[in-house]
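Just below is one structure, and these are the notes that go with it.
The values are calculated or read from the model by the stated rules, or taken from the named source; none is laboratory data. Computed from a predicted model, the values in this text were never measured in an experiment. Here the Cβ positions follow ideal geometry from the backbone for every residue, glycine too, while neighbour counts run over all protein chains shown. When the accessible area is computed, the model is the full protein with side chains, heavy atoms only, and any ligands, DNA or RNA have been set aside. Shrake-Rupley method; radii C 1.70, N 1.55, O 1.52, S 1.80 Å.
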Amino acid sequence: RSRGLGDVYKRQEPVFKDIMRVSKALKTAHPAINALLQAKMQMAEEKKIEMYLEVKSNLKEFQVEPWEMCKVLANIIDNGMTALEKCTENRILSVEIGEDLNHYFFNIYNNGPQIPRENMKRLFEEGFTTKKEGGHGMGLFISKHIIQRFGGTIQVDSTSEQTRFEIRVP
């Protein structure tokens, strides 16, 4: 039996996906943010979550301290992964980093369950959590304060199709 290009591609696909994943994650000017994104992609793979990363800005003039932005991104990405654990298949998390004339933006989407309306109002409150075990409820509160300290905004929208966190920083 002759082996077609499809067979060759199938064998190379995991390596190709890894190369694409690494090259996409390492586009910002901040090694800490690059390392965080790389670690989260690996975590997503271990949890069988398809994570897509689109970096359209190198964040060169970004004013938020990289370690502070890592706290924000880690929190929202981790919350998204936790939400996706409730889904049995087709679990997708997407991170988009970009800029326009006035803002840097970070959009983090997941296709997990919709956040109930009564929880939406309280998401950024100190101590609010939906997790059973203790030690939670500070992440989004801290994230919001970090972003606001730099003149930015953080908003969330949740429907039955997706939950989206949008961060905008001047």
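Things worth noting here:
- Here the gap between Glu54 and Ser160, fully extended at 0.36 nm per residue and compared with their Cα-Cα distance, gives a gain of 35.8 nm.
- Glu65 - accessible surface, heavy atoms, 1.4 Å probe, Å² rounded to 10: 90 Å²
- FRET efficiency, Thr82 to Asn102 (Cβ-Cβ, R0 22 Å, nearest 0.05): 0.10
- Annotation for Phe128 and Ala29: the two label points, set 7 Å from Cα along the Cα-Cβ direction, are 3.5 nm apart.
- Calculated from backbone phi, Karplus (6.51, -1.76, 1.60) coupling profile of region 57-69 in Hz, x at Gly/Pro: 8, 8, 6, 4, 9, 4, 8, 6, 4, x, 5, 6, 5
- The candidates Thr153, Thr130, arranged from most to least accessible area with a 1.4 Å probe in the full protein assembly, appear as Thr130, Thr153.
- Restraint check, Lys60/Lys144; Lys56/Lys144; Lys71/Lys121; Lys48/Lys144; Lys40/Lys60; Lys56/Lys121, Cα-Cα greater than 26 Å: Lys48/Lys144; Lys56/Lys121
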